Amino acid sequence: MNVLLVAGARPNFMKIAPIYRASLACRSVRCSIVHTGQHYDREMSGTFFEELEIPQPRYSLNAGSGSHAAQTATVMVAFEEVCLKERPDLVLVVGDVNSTLACSIVAKKCGIEVAHVEAGLRSFDLAMPEEINRMVTDAISDHFFVTEESATGNLLKEGKPAARIHEVGHVMVDNLFHQVERLSRQDVARLDGFHLKEKAHPYLFLTLHRPSNVDCRETFGGIAQALNQLAQSRTIFFPVHPRTAKMMQEHGVHLAERVVLLPPLGYREALFLWKDAEAVLTDSGGLQEETTALGIPCVTIRENTERPITVEIGSNVLAGTSPQGILAGFQESLAKKERARVPPLWDGRASERIWKVLTEGEGGANIS
Ligand code: UD1
C-alpha cells in the first residue's frame, strides 16, 4: 500500500511522527511524508523533523504564508502534482489546519481514498477556521480515526457509517510518551541561555496564538491583565508564536517582568517546561490533550473546546477569555487535578491500531 502522509503546520509534526514510525513495522506499507510548508521557519518546522526522529519529507511543497485562500490554493496546486505523480492508494491527513483541508480535497478529487486522523472533533464555532477545515475534511474522508467518544457521536450524527469510524486513541499521546522517555539535558541546552537552568518553582507555562485571542486588542488586553495578576506570585514561561509577537507589538500589550518571553520552542524544550508546571494556560488544541495525558492542570483560554473529554474527565478547565474567568479557571484546574483521569486508549498505541485497521480491514469503532 502506497501512502502519502501529510503534515504542514507545527501541530501536525508530532502527530505524523508516531504514525510514520509505526508504518515501518508494516511490510506491505510504503509511507512517504509530504510537508506542505505551511509553517516554514526553523523554529516552527525545521527542528521538528530532527527531534521527532522522522526522515526529511519525500515532497516539500513550500506553500508558505498567505491569506487562507491563497495558502490553501497554493498547497492544493502543488499537492495535485504529487498525487498525479505518485498515484498513492491512500492519503493520510491529521488534525485541522489549512493543509489538512487542502490535501484531502485534492486527494478525493483525484479518486484517492482519504483517512483522517483526529476526525469528528467539533467546537460548533464556525468562526474558527479549524472548525471549517474539520467539517470539510470529514465530509469527504473514507476512514475516520477518532480520539474520543464525542467525536464518534458527532460523525454518526453527520451520517458517517459506523464501520468506518475507529476509536483508536490518540497519536499525539503516542508521541508524547515516546518523547518523555527520551528527554535529556542535551535537548534543552538552549534553554540555559534564557537563564531557566534552575526552574522557578512553582511556575506556569503559557501558549497563546488563536486569532480570536491575539488579533483583538481588547481580548488580548484582558488576557494580559489576568497573566500579570498571576505573575505577581509566580513565573510564567511564554514561548511566543510569530503571529502573537506581531500582535503584541501592534497592540502595545504590556506583560509583567515575570512573564518570561521565549522564542517558539522545539517539542522537547516545550515538554521539558510544561511537564513540571504547576499549570498550563493555553488556547492550543493539542496541549489540552497532552496535559490531560500527563495529569497537569490546564486552563483553556477559549470559549469552547472541540475536545470535551479533557474537561469531563481530565483536569482541563474551559475558562473563557475574561480576566475573571481565567483567574477562576486557574484555581479550579488545580482543584480538579486529584480527580482527573486519562481517557480510554490514550496509551501510546494509537498509531499501531491505525495501521492494523488500514492493512487488515475495517473493524468498526472501539478497536483495542
Ligand atoms: C496554524 C493553524 C492552527 C494551529 C497553528 C499552530 C490553520 C488555519 N491554523 O495557525 O490551527 O494551531 O498553526 O501554530 O491552519 N508564520 C511565521 N513562520 C512560520 C509560519 C507562520 O512567521 O513558519 C507567521 C506568518 O506571519 C503567518 C502567521 O504566522 O502569516 C500565521 O501562520 P499560519 O500558518 O497562517 O497560521 P497559524 O496562526 O500558525
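Along region 134-149, what does the Karplus equation 6.51 cos²θ - 1.76 cosθ + 1.60 (θ = phi - 60°) give for ³J(HN,Hα), rounded to whole Hz, x for Gly and Pro?
So the Karplus estimates, Gly and Pro as x, are 5, 5, 5, 4, 5, 4, 10, 6, 9, 10, 10, 9, 10, 9, 8, 4 Hz.
Could you tell me which of rounded, prolate or oblate describes region 117-236, using a ≥ b ≥ c as the square roots of the eigenvalues of the alpha-carbon gyration tensor, with rounded for a/c under 1.5 and, failing that, prolate when a/b is larger than b/c and oblate otherwise? Kindly include the intermediate steps, with their values, before the conclusion.
On the way: a/c = 3.16, a/b = 1.56, b/c = 2.03.
Oblate is the answer for region 117-236, as a/c is 1.5 or above yet b/c matches or exceeds a/b.
Over region 78-128, what per residue volume does the convex hull of the Cα atoms give, in whole Å³?
79
Mind telling me which of Ser104, Ser45, Ser212 comes out most flexible in a GNM of the chain, alpha-carbon contacts under 10 Å?
Ser212
Write out the trypsin sites (Lys or Arg not before Pro) in region 15-102 meeting two conditions: DSSP loop, and at most 12 other Cβ atoms within 10 Å of their Cβ.
Here the sparse-neighbourhood loop sites are Arg27.
For region 288-337, state which trypsin sites (Lys or Arg not before Pro) are in a DSSP loop and have at most 16 other beta carbons lying within 10 Å of their beta carbon.
On the way: sites: Arg302, Lys336, Lys337; in loops: Arg302.
Counting only loop positions with at most 16 other Cβ atoms within 10 Å, none of the trypsin sites (Lys or Arg not before Pro) in region 288-337 qualifies.
Take the alpha-carbon centre of region 177-251, take the same for region 271-329, and report the distance between them in whole Å.
Using only Cα atoms, the two centres lie 14 Å from each other.
Of the options Gly66, Gln56, Ala319, report the single residue whose Cα projects farthest towards the positive end of the charge dipole of the chain (beta-carbon charges: Lys, Arg +1; Asp, Glu -1).
Most positive-ward Cα: Gln56.
Using the Karplus equation 6.51 cos²θ - 1.76 cosθ + 1.60 (θ = phi - 60°), what ³J(HN,Hα) coupling, rounded to whole Hz, does each residue of region 55-71 give in order, writing x for Gly and Pro?
Ordered by residue, 3J(HN,Hα) equals x, 4, x, 5, 10, 10, 8, 6, 5, x, 7, x, 5, 4, 5, 5, 5 Hz.
Mind listing which trypsin sites (Lys or Arg not before Pro) in region 165-239 are in a DSSP loop and have 13 or fewer other Cβ atoms within 10 Å?
Passing sites in region 165-239 are Lys197.
Given a cut-off of 19 Å, what percent of all Cα-Cα pairs of region 215-287 lie beyond it?
In whole percent, the long-distance tail amounts to 34.
Which percent of Cα-Cα pairs in region 263-368 sits in each 5 Å bin, short to long?
The percentages, shortest bin first, are 2, 12, 20, 19, 17, 12, 8, 6, 2, 1, 0.
So the label point goes 7 Å from the Cα of Glu312 along Cα→C-beta, right? Which residues of region 326-357 then have their backbone N under 12 Å from it?
343-344
Projected area of region 1-126, taken from the Cα convex hull and averaged over every viewing direction, in nm²? Mind dumping the intermediate values first?
Numbers: hull surface 30.9 nm².
Hull-based average projected area comes out at 7.7 nm².
Please list, in chain and number order, the residues 5+ apart from Gly348 or on another chain whose amide H is under 5 Å from its amide H, with Hs placed from the backbone.
HN-HN under 5 Å from Gly348: His170, Asp174.
Rounded to the nearest 20 Debye, what is the dipole magnitude of the chain about its Cα centre when Lys and Arg each give +1 and Asp and Glu each give -1 at the C-beta? Mind dumping the intermediate values first?
Numbers: 38 positive and 45 negative charges, 73 e Å.
Magnitude of the dipole: close to 340 debye.
Heavy atoms only, probe 1.4 Å: what % of the accessible area of the chain goes to carbon and sulfur, would you let me know?
On the chain, the fraction of accessible area on carbon and sulfur atoms equals 52 percent.
Where is the GNM fluctuation largest for the chain (alpha-carbon springs, 10 angstrom cutoff): Leu208, Leu92, Leu84?
The residue that fluctuates most here is Leu84.
For region 193-339, report the convex hull volume of the alpha-carbon atoms normalised per residue, in Å³, without decimals.
Hull volume normalised by residue count: 102 Å³.
Taking the Cα centre of region 1-108 as the origin, how large is its charge dipole in debye, to the nearest 20, when only Lys and Arg (+1) and Asp and Glu (-1) carry charge on their Cβ atoms?
320
If I model a spin label as a point 7 Å beyond the Cα along the Cα-Cβ vector, how far apart are those points for Leu334 and Cys216 in nm?
2.9
Using a Förster distance of 41 Å, how high is the FRET efficiency between Lys85 and Arg42, based on the Cβ-Cβ distance and rounded to 0.05?
Working from the Cβ atoms, E equals 0.90.
From the convex hull of the Cα coordinates of the chain, what is the mean projected area in square nanometres?
16.8
Return the single residue from Glu218, Glu306, Glu113 with maximal mean-square fluctuation; model: Gaussian network over the chain, springs between Cα atoms under 10 Å.
For the chain, modelled as a Gaussian network with Cα springs under 10 Å, the answer is Glu218.
Under the rule of -39500 (n - 2.57) per DSSP H run of 4 or more residues, summed and divided by the residues of the chain, what mean residue ellipticity at 222 nm is obtained, to the nearest 500 deg cm²/dmol?
One gets -13000 deg cm²/dmol as the mean residue ellipticity at 222 nm.
Ignoring ligands, DNA and RNA, what accessible area per residue does region 251-331 give at 1.4 Å, in Å²? Walk me through the intermediate numbers first.
Values: 2330 Å² over 81 residues.
That works out to 29 Å² for each residue.
The values are calculated or read from the model by the stated rules, or taken from the named source; none is laboratory data. No experiment lies behind these values; they were computed from the predicted model shown. Glycine gets a Cβ as well: all are built from the backbone with ideal geometry, and neighbour counts include every protein chain shown. When the accessible area is computed, the model is the full protein with side chains, heavy atoms only, and any ligands, DNA or RNA have been set aside. Shrake-Rupley method; radii C 1.70, N 1.55, O 1.52, S 1.80 Å.
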